Amino acid sequence: MPKDWYEWHDLYDTEPVLQQRLEIVREYIADSLNALPDGTIRIVSVCAGDGRDLLGVLQNHPRINDVYARLVELNPQLVERGRATIESLGLGKQIEFINDDATLATNYVGAVPADIVIVCGVLGHVVNEELDRLINNLSFLSKPGAFVIWTRGHSNGIPYSDNVRKILSASGFEEINFQLTATGDMAVGIHRYLGESVNQPQEQQLFVFSGVPSKAR
Ligand SMILES: C[S@@+](CC[C@H](N)C(=O)[O-])C[C@H]1O[C@@H](n2cnc3c(N)ncnc32)[C@H](O)[C@@H]1O
């Protein structure tokens, strides 16, 4: 059982479900980069971990020089590791790794609305009522036409991603692609925001993260 979120990331070395999830998330990030028109691409990652999903794609992607990203993560060791990767890729002028609370709208000011919003390993860590609030607030993070990439684990035979897809659809997001990992218990989706620009969030707190690493996948 991982004692904190830094240790939780070691599970990527051993857990097929996380390895497969990461592969699909990277595929969807690359698809989004490929689909966006010429010019600057703004990206935000909510509860970014060590940023391995986005940074793993950028290192080999032809749009690397167009990207400006802000990753927001609370665990300082993960941020440190992410920043080291950013430096090693020579992306220090384009990618900010903020060590702060990703649930607060203020931490996105200047970086949104974004063309790509990454919310991976987050939706399973909010209680039901918060899920609606979080998904509604994605419209504050997203430009019209933005891609939102998300994950949601299933457990005890309950397909929790069904509800995520339902709320996304009701909140102005169109599904572009969706798959389950080969393990069958982790969903990864990519949606496109069809709504209007939202300059201000309804509240400064976009959602409450209540997950704990010892129970997470
Ligand atoms: C399940 S992990 C997912 C990490 C990463 N997105 C991934 O998919 O590999 C959840 C992450 O959320 C971070 N986290 C939890 N609460 C947070 C908060 N309020 N603000 C920013 N990050 C937070 C944790 O430190 C952890 O890195």
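Residues in region 113-148 that are surrounded by 21 or more Cβ atoms within 10 Å (Cβ to Cβ), among the β-branched types (Val, Ile, Thr) and not in a strand (DSSP E or B): Val122, Ile135. Note on region 38-83: among residues that are of a type in the set (Lys, Arg) and part of a strand (DSSP E or B), the one that is farthest from the ligand (Cβ to nearest atom) is Arg42. Can you spot a residue in region 188-202 that is over 24 Å from Ala35 (Cβ atoms), at pLDDT 95 or above and out of contact with any Asp or Glu (no Cβ under 7 Å at 6 or more places or on another chain)? No; the residues of region 188-202 include none that is over 24 Å from Ala35 (Cβ atoms), at pLDDT 95 or above and out of contact with any Asp or Glu (no Cβ under 7 Å at 6 or more places or on another chain). Every condition in (1) assigned to a helix (DSSP H, G or I); (2) touching a residue at least 40 places away in the same chain (Cβ under 8 Å) is met by Ile86 except one, and the failing one is (2).
Residues are listed down the side, and each one gets a yes or a no for (1) under 16 Å from Trp150 (Cβ atoms); (2) charged (D, E, K, R):
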position	(1), (2)
Ile41	no, no
Pro62	no, no
Arg70	no, yes
Gly82	no, no
Ala102	yes, no
Val126	yes, no
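Taken together, Asn107, Asn75 contain a single residue that is touching a residue at least 12 places away in the same chain (Cβ under 8 Å), out of contact with any Phe, Trp or Tyr (no Cβ under 9 Å at 6 or more places or on another chain) and within 15 Å of Cys47 (Cβ to Cβ), which is Asn107. Inclusion of Gly184 among residues that are assigned to a loop (DSSP other than H, G, I, E, B), under 24 Å from Pro213 (Cβ atoms) and within 15 Å of the ligand (Cβ to nearest atom) is not warranted. Once region 1-38 is narrowed to residues that are hydroxyl-bearing (Ser, Thr, Tyr) and more than 29 Å from Asn65 (Cβ to Cβ), the residue that is nearest to the chain's Cα centre (by Cα) is Tyr6.
The values are calculated or read from the model by the stated rules, or taken from the named source; none is laboratory data. All of these numbers come straight from a predicted model, not from anything done at the bench. Methodologically, a virtual Cβ is constructed for each residue, glycine included, from the backbone with ideal geometry; neighbour enumeration extends over all protein chains shown.
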